[in-house]
Amino acid sequence: MKVLVATVKPFAAEAVEKIKGIIDAAGYEFALLEKYEDNSQLLEAVADADALIIRSDKITREVMDSAKNLKIVVRAGAGYDNVDLEAASEKGIVVMNTPGQNSNAVAELALGLMVYAARGFFNGKPGTELKGKTLGIHAYGNVGRLVGRIAKGFGMEVSAYDPFIAKETIEADGVKVYDSVEELYSNNMYISLHIPANDKTKKSINYDLLNKMPKGGTLINTARKEVIDEEGLLQLLRERNDFKYVSDIAPDNAELFLEKFNERCYFTPKKMGAQTAEANINAGLAAANQIVNFLEKGDTTFQVNK
Ligand code: 3PG
């Protein structure tokens, strides 16, 4: 059995060592393809792989066509919008994620971006504090919950909207629950996005929704760029000079945003949310263990294409 780690954005060296250790101990062959620049390198590397560990790497039908032995793909992370699930299911390839393993890193970055925005991107002028301000968490999954917990440490008033999680579960964390997304946006100065990118959510964060936010509204996006209606957001930034947008995933038209609104927009140079040694180790090891458990025992816990 050959396990390939294919990551354009490499894991920390320690994580790679530990993944290799698990693969070696299972008696499998370990292969590594990091920082590849062309899809052809991926196509070549997957040719004889039985299992694949990836991050945001795009696993298309073409990639799967090239991987004749492929049995399992584990996305070391939460979002799996980069994997063609339909193609995988057709080919009998199991796809998994490693939910929760990199969440703390993303949650810490969300708060970091919030502080950065509140302090005017460190422009030297008086900013504002997070203490006492309202924060709405859009989707209360692993990351959302941690954002809420940390934000409470800052003294923020935390609320959430998540139609997939029981109200009581969220309230048990001392977080107010809104029954509609419109109410969440209307009642919060800060909104932190934690929704996945799928057919239902793409472009769902639009002008009308964002315009409900109070004066000084700030949107923090550590989720996916695809969930934003960029045209709508640009229109809002044009019309409201109080509005700020900070994101870990630069929009497609980043230059347009920064050219006109660089005092109110900030994008990390690369997607950095999950890029900590701890998150790399947690997610990478989980991925390796999940592969071994699947190949040895048929364990399909965390399969996302059932
Ligand atoms: C995730 O979905 O887990 C995060 O967006 C992290 O993605 P990355 O592994 O590409 O940093």
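Just one of the listed residues (Glu263, Glu231, Glu296) is in a loop (DSSP other than H, G, I, E, B) and either of a type in the set (Val, Ile, Thr) or exposed (fewer than 15 other Cβ atoms within 10 Å of the Cβ) (or both), namely Glu263.
Restricting Tyr207, Tyr245 to those that are free of Cβ contacts under 8 Å to residues at least 60 places away in the same chain, of a type in the set (Phe, Trp, Tyr), surrounded by fewer than 17 Cβ atoms within 10 Å (Cβ to Cβ) and within 19 Å of Tyr185 (Cβ to Cβ) reduces the list to Tyr207. Name the single residue, out of those in the stretch 86-103 being more than 12 Å from the ligand (Cβ to nearest atom) and within 24 Å of the chain's Cα centre (by Cα), that is farthest from Lys71 (Cα to Cα). Looking at the filtered set, the residue picked out is Glu86.
Condition test on Gly174, is it within 27 Å of Tyr207 (Cα to Cα) and surrounded by fewer than 16 Cβ atoms within 10 Å (Cβ to Cβ)?
Values: within 27 Å of Tyr207 (Cα to Cα): no; surrounded by fewer than 16 Cβ atoms within 10 Å (Cβ to Cβ): yes.
Spelling it out, it is not the case that Gly174 is within 27 Å of Tyr207 (Cα to Cα) and surrounded by fewer than 16 Cβ atoms within 10 Å (Cβ to Cβ).
Each row is one residue, and each column tells you yes or no for (1) touching a Ser or Thr at 6+ places or on another chain (Cβ under 9 Å); (2) in a loop (DSSP other than H, G, I, E, B).
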residue: Arg149; (1), (2): no, no
residue: Lys152; (1), (2): no, no
residue: Val158; (1), (2): yes, no
residue: Asp173; (1), (2): no, yes
residue: Tyr185; (1), (2): no, no
residue: Ile195; (1), (2): yes, yes
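For the stretch 266-285, the count of residues that are free of Cβ contacts under 8 Å to residues at least 60 places away in the same chain, in contact with a helix residue (DSSP H, G or I) (Cβ under 9 Å, 6 or more places away or on another chain) and crowded, with 19+ Cβ neighbours inside 10 Å is nonzero.
Flag set for Ala250, criterion: without any contact (Cβ under 8 Å) to a residue 60 or more places away in the chain, within 22 Å of the chain's Cα centre (by Cα) and either within 16 Å of the ligand (Cβ to nearest atom) or at negative phi (or both).
The number of residues in the stretch 64-84 being more than 16 Å from the ligand (Cβ to nearest atom) and either under 21 Å from Val292 (Cβ atoms) or in contact with a Phe, Trp or Tyr (Cβ under 9 Å, 6 or more places away or on another chain) (or both) comes to 5.
Every number in this text was worked out from the coordinates using simple rules, so none of it is lab data. Predicted model, so just to flag it, every value in this text is computed and none were measured. Every residue, glycine among them, receives a Cβ derived from its backbone with ideal geometry; neighbour counts consider all protein chains shown.
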